[in-house]
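A quick write-up on the structure given underneath.
Values quoted throughout were computed directly from the atomic coordinates according to the rules given, and no laboratory measurement underlies them. What you see is a predicted model, and the numbers here were worked out from it, not measured in a lab. Cβ placement follows ideal geometry from the backbone for every residue including glycine, while neighbour counts extend to all protein chains displayed.
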Amino acid sequence: MIKLFPILAFVILASCSPYQKAMRKHNRLNDRERMALTSVFTDATREKILGNLSKAMDLYQFILTKDPLHDASLYELSLIKGSEGKTDEAIEMIDLAIKIDPANKWYKIAKARIFESGGRFEDAASVYRELIKADPENYDLYMSEAEAWINAKKDDKAVAVYNELEDIHGVSEEICIRRYYIYVMSRQDNKAIAELEKLAENFPGNPEYLKVLIEFYMMEGKLSLAYEKILLLQEVDPGNGYAHIYLSEYYRAAGRIEKSQEELLKAIASTDLLIDEKVKILYNFYDAGSAYGDTVYLYQLMDTLVYVHDDDAKAWSMYADILRNNGDTKGAIEKWELALENDSSKFLVWSSLMKALYDDKDFGKLQKYSSDAVTLFPEQGLSWFYNGLAYFETNEFEGAIMPLEMALDLIYDNKEVKTQCMFVLAESYHHTARHSKSDEMFEDLLVLDPDNHMAINNYSYYLALRNRELDESLNRMKPLVDKEPDNTAYLDTYAFILFRQEKYDEAVGYIEKALEYGGNKDADIVEHYGDILYFLGRVDIAVAQWQKAKELGGSGDLIDKKIDDRKYYE
């Protein structure tokens, strides 16, 4: 047996290690082979850039079979492996690349990134710290280390890195802001405020830090400190509109309401604040129920807003919303019209205006604006809906049908509008003698909304006019009459169905209840009373009721003939 000295044994064993074998294979490559591998590497990198990662990996692996110490391929493969979540494999490869070229900082940065992608943030921070030792002036390395400590949920270590960096480079906005957010998230309010104070002191050209300080002090009820910073904000940025807002809040908290109102007016008049900021402030003010209890002052604010932003639809639209909510529909309509003069692209303004016109019964204007809305927004069911309503309410039933049919095709998710559209369309079909369509629409409506009392009443009445489905209609109306025994419309319809069934003794009781509850002022109900009395043989009283119906504005087309001939006609 041959015996070896310990040192000689180590040398022989080392010479047989995988690394040494790889080194020998690497050293045996000639220049031509190295150039060929460089060409393959170029192809692999191209495939990686094109997103063909599988093909790129195959090429990198091929290179490593020829040259196990091709550090660039190890680097690229480690990045791909890391992105796939194979952290251990990636680290093994990048460690070998670092061993081959220990001076290459990008390999070490890659190692840190792989640790981070694998959630090993403390290991990543350690790598960044090694890099910092070699390059202590590198700002980005400190920031990366701090970020790694934050992700590792060790904020104190991140703060220590930021402090170290600040000692080297001086106070910076980025470092202060990062520390500020760490302190905010960890609820270290005093330290967070100290960072804001440092920012405000060192960067007076940026008023945002003062604004955050002011808001913090106001929220904490530290009014004197807030006031001090407000004055400083006005000093460094005299035109800052927010200073007036803060002063308004300060004076309100101090009970000086007039001064508070004065400052808020100045804020709304300021050209420094954007319209969106002002609208938000005013809506908050309005939603709070007018913090000053002064509606006149609210309108003063709105007058100021539209004066400063007279060419912005948002200002006029907001004014309209407030007027509408306060019951001034006509005033709201005027403001919405002005909003559309400035910007006709916002459908919300159109829909608000059309609804207000409908509620105000201004059907002429509604027809005009809804026609314009249909042209601009043909895909919006509400455009067609209000257009159809405008025709219907002016008794142009034929003109109402097409837009209402279009609306019904476009309205999917608004049950209230859909059922209203179906009702008006059913009515329009009835008034244009499309009775089968009217019946079908009423049936569909009652499937969707079985408790729609108006639809039940009108549908039952129209069927009775044509002497159709009288028993079904009577059964449909009975629950309505029982539930609302003083509803004159329901009593009249119920009596009319009984009349059609020639149940005159029953019908007269219901029609007289309708008259008792106010139906004596309705020409239709009074005429129906006369009709029933006629078939009960009480002709003189029947004629008197027909005459009364005529005096109330007339009812059926045959009212004069009934009176003259003292006879019932239909």
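With Cα atoms defining each centre, region 302-337 and region 222-246 are spaced 30 Å apart in the structure. Applying 1/(1 + (r/R0)^6) with R0 = 22 Å to the Cβ-Cβ distance of Val417 and Met454 gives a FRET efficiency near 0.90.
Pick out, from Leu225, Met302, Tyr490, the residue whose Cα sits farthest towards the positive end of the charge dipole of the chain, with +1 on the Cβ of Lys and Arg and -1 on the Cβ of Asp and Glu. Among Leu225, Met302, Tyr490, the one farthest towards the positive end of the dipole of the chain is Leu225.
Residue pairs exceeding 23 angstrom between C-alpha atoms, taken from Lys48/Lys86; Lys415/Lys521; Lys86/Lys133; Lys437/Lys562; Lys111/Lys153: Lys415/Lys521; Lys86/Lys133; Lys437/Lys562. From helices alone, the chain scores -24500 deg cm²/dmol at 222 nm; the rule is -39500 (n - 2.57) for each run of n ≥ 4 DSSP H residues, then divide by the residue total. As a calculated quantity, the FRET efficiency between Asp101 and Lys191 at R0 = 60 Å, using C-beta atoms, amounts to about 0.90.
Extension gain for Asn27 to Val447 (0.36 nm times residue separation, less C-alpha to C-alpha distance): 142.5 nm.
Straight-line reach from Lys105: taking Cα to Cα under 14 Å and skipping same-chain neighbours fewer than 8 places apart, the aspartates and glutamates in range are Asp71, Asp95, Glu130, Asp135, Asp140.
Scaled to the globular estimate 2.2 N^0.38 Å, the Cα spread of region 15-118, given as radius of gyration, is 1.05. Relative to one another, the C-alpha centroids of region 43-89 and region 370-418 are positioned 63 Å apart.
Peptides 503-515, 140-152, 53-65 ranked from most to least packed give 140-152, 503-515, 53-65, packing being the mean of other C-beta atoms within 10 angstrom over each peptide's residues. Relative to the compact-globule estimate of 2.2 N^0.38 Å, the Cα radius of gyration of region 519-570 comes out at 0.94.
Using only alpha-carbon positions in the chain, the gyration tensor eigenvalues give semi-axes of 83, 39, 21 Å once each is multiplied by 5 and square-rooted (largest first). Cross-link reach is defined here as a Cα-Cα straight distance under 19 Å, omitting same-chain residues fewer than 8 places apart; for Lys211 the lysines meeting it are Lys191, Lys198, Lys222, Lys229, Lys266, Lys278, Lys280.
Taking 7 Å steps out from each Cα toward its Cβ at Lys55 and Glu166 produces label points 5.2 nm apart.
Grab the Cα-Cα distance for Lys330 and Ala36, subtract it from 0.36 nm times how many residues apart they are, and report the gain in nm with one decimal.
Full extension of this stretch gives 97.4 nm more.
Taking the Cα atoms only, what angle lies between the long axis of helix 329-342 and the longest principal axis of the chain, rounded to 10 degrees? That helix lies at roughly 50 degrees to the long axis. For Lys483, the lysines whose Cα comes closer than 17 Å to its Cα, not counting residues fewer than 8 places off in the same chain, are Lys513. Each peptide in 177-185, 429-437 gets a packing score, the mean of other Cβ atoms within 10 Å over its residues, and the list from highest to lowest is 177-185, 429-437. So if R0 is 60 Å, what FRET efficiency would Phe62 and Asn202 give, r being the distance between their Cβ atoms, rounded to the nearest 0.05? E(calc), rounded to 0.05, equals 0.60.
Over what distance in Å are the Cα centres of region 420-453 and region 111-154 separated? Spelled out, the Cα-based centre of one part sits 71 Å from the other. Contact order, relative form, for the chain: 3 percent (alpha carbon pairs under 8 Å, 6 or more residues apart, mean separation divided by residue count).
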